[in-house]
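See structure below.
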């Protein structure tokens, strides 16, 4: 991984624990839990954002419960855009987002969750492939290049036996069946990452750029959140959609063309693609936002991935909230936390080098 700004790692704060709440209430504790802290924390930490992180956050929250049964974390998987907006409004203590704030958004300020004049930290805690899933009877997988995927979602390829699909799937019996392209109805980081892939590799077909909100007028069925897209594809013969791979188990999926090969979605492929990417220039020491290389030809890379961030404040007005946020973020990026997320959500654990930089960024939280 091309890390250009390795910060000096200071002493890491003791790991806290947060109680299971909401959808995490039925989770059992993990054998890979973080080490208990010397002084357990208490209080409530409230977050909102990416539904892609939901399973991972359940696993991280379960680890917290073992050490700090008097603490609590509430996370609402309302979507990346909603989470960022709530964080800016001061309605939540942290956000989960499948994209980082842009430098222009940061310069504009107005982060209501933070103390006055505080910077923010953006920690890449969850790295996952985005699966392109479909429901075509008798077909388990398809090899597609980016231009064909773009044509399907742009509405220019409308039938499963189209010549563009057949060209890379000579041994597959493709039915005369209409395509129903399913997209997110809510503002979504998953949509942003998926359209970023289309824009980077097939800009002449997908002409709307990298967008978190599906362009108006583009054909297809709208479904809310990751679970909505998955359910719509499973229920609709001829449907195709995109979803975090943690919720795409057992569904037929596309192998995307990378260089001269077709690559299936996997944690390993997402990790290889991230290793080929760099942290954006112009970011502060605590802002670890990646510019993902969607056009990599690295062998085995799967460039349709998302890097989902935990976003918090460098300074909080409430010291207890700062301590809870710092501890929760620390557990998420720890080796145990990353292994737990990988086991439960199929995500790609971050590298040791990136963990070092993430821990140094978390140390800025006060």
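Of note:
- Region 146-168, residues that are surrounded by fewer than 18 Cβ atoms within 10 Å (Cβ to Cβ) and part of a loop (DSSP other than H, G, I, E, B): 155, 156, 158, 161, 162, 167, 168
- Scan region 185-200 for residues that are without any contact (Cβ under 8 Å) to a residue 60 or more places away in the chain and either touching a helix residue (DSSP H, G or I) at 6+ places or on another chain (Cβ under 6 Å) or in the same structural domain as residue 52 (by TED's automatic domain parsing) (or both) and the total you get is 1.
For every residue, the table says whether it meets (1) without any contact (Cβ under 8 Å) to a residue 12 or more places away in the chain; (2) within 19 Å of the chain's Cα centre (by Cα).
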residue	(1), (2)
64	no, no
84	no, yes
97	no, yes
107	yes, no
113	no, no
116	yes, no
127	no, yes
146	no, no
159	no, no
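- Residue 190 closer than 24 Å to residue 129 by Cα, modelled with pLDDT under 95 and buried (at least 16 other Cβ atoms within 10 Å of the Cβ): yes
- Given (1) in the same structural domain as residue 261 (by TED's automatic domain parsing); (2) under 25 Å from residue 211 (Cα atoms); (3) outside any loop (DSSP other than H, G, I, E, B), number of the condition residue 142 does not satisfy: (2)
- Test: residue in region 344-351 that is in contact with a helix residue (DSSP H, G or I) (Cβ under 9 Å, 6 or more places away or on another chain) and assigned to a strand (DSSP E or B): no
- Residue 314 being over 14 Å from the mean Cα position of the chain (by Cα) and assigned by TED's automatic domain parsing to the domain that holds residue 353: yes
- Any chance residue 94 is crowded, with 22+ Cβ neighbours inside 10 Å and assigned by TED's automatic domain parsing to the domain that holds residue 46: yes
- Some residue of region 303-321 being crowded, with 20+ Cβ neighbours inside 10 Å, under 18 Å from residue 40 (Cα atoms) and out of contact with any strand residue (DSSP E or B) (no Cβ under 6 Å at 6 or more places or on another chain): yes
- Residue 258 being crowded, with 18+ Cβ neighbours inside 10 Å, at pLDDT 95 or above and not assigned by TED's automatic domain parsing to the domain that holds residue 354: yes
To keep it simple, each residue is scored yes or no on (1) in contact with a strand residue (DSSP E or B) (Cβ under 8 Å, 6 or more places away or on another chain); (2) modelled with pLDDT of 95 or more.
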| position | (1), (2) |
| --- | --- |
| 72 | yes, no |
| 105 | no, yes |
| 124 | yes, yes |
| 146 | yes, yes |
| 168 | yes, yes |
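- Matching option when the condition is assigned to a strand (DSSP E or B), surrounded by 22 or more Cβ atoms within 10 Å (Cβ to Cβ) and at negative phi, among 197, 126: 126
- For region 97-116, the set of residues classified as part of a loop (DSSP other than H, G, I, E, B) and buried (at least 19 other Cβ atoms within 10 Å of the Cβ) consists of 98, 99, 100, 101, 111, 113, 114, listed by residue number.
- Being farther than 20 Å from residue 100 by Cα, touching a strand residue (DSSP E or B) at 6+ places or on another chain (Cβ under 6 Å) and modelled with pLDDT under 95 holds for only one residue in 248, 264, and it is 248.
- Within region 66-77, the set of residues being within 19 Å of the chain's Cα centre (by Cα) and without any contact (Cβ under 8 Å) to a residue 60 or more places away in the chain comprises 74, 75, 76.
- Of all the criteria given as (1) surrounded by fewer than 19 Cβ atoms within 10 Å (Cβ to Cβ); (2) on the phi < 0 side of the Ramachandran plot; (3) in contact with a strand residue (DSSP E or B) (Cβ under 7 Å, 6 or more places away or on another chain), the one not satisfied by residue 207 is (3).
- Restricting the first member to region 211-230 and to residues that are under 10 Å from residue 181 (Cα atoms) and not assigned by TED's automatic domain parsing to the domain that holds residue 149, and the second to residues that are crowded, with 19+ Cβ neighbours inside 10 Å and at pLDDT 95 or above, no beta-carbon pair is closer than 7 Å while six or more apart or on different chains.
- Number of the condition not met by residue 354 [criteria: (1) at pLDDT below 95; (2) assigned to a loop (DSSP other than H, G, I, E, B)]: (2)
- When 81, 90 are screened for being out of contact with any strand residue (DSSP E or B) (no Cβ under 7 Å at 6 or more places or on another chain) and modelled with pLDDT under 95, only 81 passes.
The values are calculated or read from the model by the stated rules, or taken from the named source; none is laboratory data. Since the model is a prediction, treat every value here as computed from it, not as a measurement. Backbone-built Cβ (ideal geometry, glycine too); neighbour counts: all protein chains shown.
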